[in-house]
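Student: Before anything else, here's the structure in question.
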Amino acid sequence: MAFTQAPLPFDAGALEPSGMSAKTFEFHYGKHHAAYINKLNDLVAGTELADKSLEEVIKTSYKEGKTAIFNNAAQAWNHDFFWKCLKASGGGKPSGDLAAKIEKDFGSYDKFAEEFKNAAATQFGSGWAWLVSDNGTLKVTKTANAENPLVMDQTPLLTLDVWEHAYYLDFQNRRPDFIKNFLENLVNWDFVASNLASA
Ligand code: MN3
């Protein structure tokens, strides 16, 4: 069974007032994300990995050093997860159990935001910034290229794509502005809270 691209959880133009344009989704979802899934299907066709779940393909290909398969499988997963981390008029401070957990593990929301911004801004070249649960403790991490927390036995709660293709159409070279806008206007904290609840 081939891997398929799930629909975006919102209309492609819905986040435009929040700083992520329909044009960005046309390329980022329609071209980049789609290409990872198509490439993955080509690479696993006729192998035992073709019938595994995407998560299993990620973990197995990472362990076995099957780099091309890992890169495309992880990017297929990372983007699907990233879309769910976004919503129109999102961002700002979370509430409830999630807010309490962030305060407990980082000291304050502002400390978390500072750490997240720093991780996203200092990932040299392509990669991702993450909020993860690591054995029950929240941590901010960054990964290069396609790597993700699943292969480090961490539970991803939130991610931001900092590949240049993620922000160039809306922010050009201004990655720090893209990161700031994500935290202030786009984060879907309900999704993050549901990830924490099932971590
Ligand atoms: Mn991307």
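Just so it is clear, none of the values below were taken in a lab; they were calculated from the coordinates. Because the structure is a prediction, the values reported are computed rather than measured. Please note: Cβ atoms are built from the backbone with ideal geometry, for glycine as well, and neighbour counts cover all protein chains shown.
Student: Beyond 32 Å, what share of the Cα-Cα pairs of the chain remains, rounded to the nearest whole percent?
Tutor: Numbers: 2559 of 19701 pairs.
Beyond 32 Å sits 13 percent of the P(r) for the chain.
Student: In debye to the nearest 20, how big a dipole does the chain give about its Cα centre with +1 on each Lys and Arg Cβ and -1 on each Asp and Glu Cβ? Present the calculation step by step, with values, prior to reporting the outcome.
Tutor: Values: 19 positive and 25 negative charges, 51 e Å.
With Lys and Arg at +1 and Asp and Glu at -1, about 240 debye.
Student: So for segment 77-199, averaging the separation of alpha carbon pairs under 8 Å that are six or more residues apart and normalising by length, what relative contact order in percent results? Please report the intermediate quantities before stating the final value.
Tutor: Working: 188 pairs, mean separation 43.0, N = 123.
Across segment 77-199, relative contact order equals 35 percent.
Student: Measuring from label point to label point, each 7 Å out along Cα→Cβ, what is the residue 32 to residue 152 span in nm?
Tutor: Distance between label points: 2.0 nm.
Student: Which value in deg cm²/dmol, rounded to the nearest 500, describes the helix-derived mean residue ellipticity at 222 nm for the chain, given -39,500 (n - 2.57) per DSSP H run of n ≥ 4 and division by the residue count? Walk me through the numbers on the way to the answer.
Tutor: On the way: 9 runs with 94 residues, N = 199.
Computed ellipticity for the chain at 222 nm equals -14000 deg cm²/dmol.
Student: Applying the Karplus parametrisation 6.51 cos²θ - 1.76 cosθ + 1.60 with θ = phi - 60° to the phi angles of segment 6-17, what ³J(HN,Hα) value in whole Hz is obtained for each residue in order, glycine and proline being reported as x?
Tutor: Computed from phi, the couplings for segment 6-17 are 5, x, 4, x, 7, 5, 4, x, 5, 9, 3, x Hz.
Student: Turning to a different aspect of this structure: Pulled fully out, how much extra length does the chain show between residue 45 and residue 97, if you take 0.36 nm times their separation in residues and subtract their Cα-Cα distance?
Tutor: Extra length from residue 45 to residue 97 when fully extended: 14.4 nm.
Student: Chymotrypsin sites (Phe, Trp or Tyr not before Pro), restricted to segment 115-154: which are DSSP loop and have at most 11 other Cβ atoms within 10 Å? Don't jump to the answer; show the numbers that get you there.
Tutor: Values: sites: 116, 124, 128, 130; in loops: 124.
Of the chymotrypsin sites (Phe, Trp or Tyr not before Pro), the ones in loops of segment 115-154 whose Cβ has at most 11 other Cβ atoms within 10 Å are 124.
Student: Moving to a separate point now. Note down the relative contact order for segment 11-152 as a percent, whole number, built from C-alpha pairs under 8 angstrom at least six residues apart. If you can, show how the numbers build up before the last one.
Tutor: Numbers: 134 pairs, mean separation 28.6, N = 142.
For segment 11-152, the relative contact order is 20 percent.
Student: Now for a different question. Treating only the Cβ of Lys, Arg, Asp and Glu as charged (+1, +1, -1, -1), what charge dipole size does segment 96-197 show about its Cα centre? Round to the nearest 20 debye. All intermediate terms of the calculation are to be shown ahead of the outcome.
Tutor: Numbers: 9 positive and 15 negative charges, 34 e Å.
Computed charge dipole of segment 96-197: roughly 160 debye.
Student: Stretch residue 6-residue 137 to full length: gain in nm at 0.36 nm per residue minus the Cα-Cα span?
Tutor: Working: separation 131, 0.36 × 131 = 47.16 nm, distance 3.01 nm.
Answer, rounded to one decimal: 44.2 nm.
Student: Still on this structure, I have one more. How high is the FRET efficiency between residue 164 and residue 108 when r is their beta carbon distance and R₀ equals 30 Å, given to the nearest 0.05? Present the calculation step by step, with values, prior to reporting the outcome.
Tutor: Values: r = 31 Å, r/R0 = 1.03.
After rounding to 0.05, the efficiency reads 0.45.
Student: Please report the base-10 log of the normalised intensity I(q)/I(0) for segment 137-184, using a Debye sum with one equal scatterer per alpha carbon and no solvent, at each q in 0.13 (1/Å).
Tutor: One equal scatterer on each Cα of segment 137-184 leads to -0.36.
Student: As I understand it, the dipole of the chain uses +1 on the Cβ of Lys and Arg and -1 on the Cβ of Asp and Glu, about the Cα centre. Which of 81, 109, 46 lies farthest toward its positive end?
Tutor: Final value for the positive-end residue is 109.
Student: Taking amide H positions as placed in the peptide plane 1.01 Å from N, state which residues far from residue 127 in sequence (5 or more) or on other chains have amide H under 5 Å from it.
Tutor: 145, 162, 163
Student: Output needed for segment 1-75: three equivalent-ellipsoid semi-axes, defined as square roots of 5 times the C-alpha gyration tensor eigenvalues, in descending order, whole Å.
Tutor: Numbers: eigenvalues 163, 27, 21 Å².
Output for segment 1-75: semi-axes of 29, 12, 10 Å.
Student: Separation between the residue 122 and residue 190 pseudo-spin-labels, each 7 Å from Cα along Cα→Cβ, expressed in nm?
Tutor: Those two pseudo-labels are separated by 3.5 nm.
Student: Here's something else I'd like to know. Taking Cα centroids, how far is segment 128-199 from segment 56-105 in Å?
Tutor: Using only Cα atoms to place each centre, the spacing works out to 6 Å.
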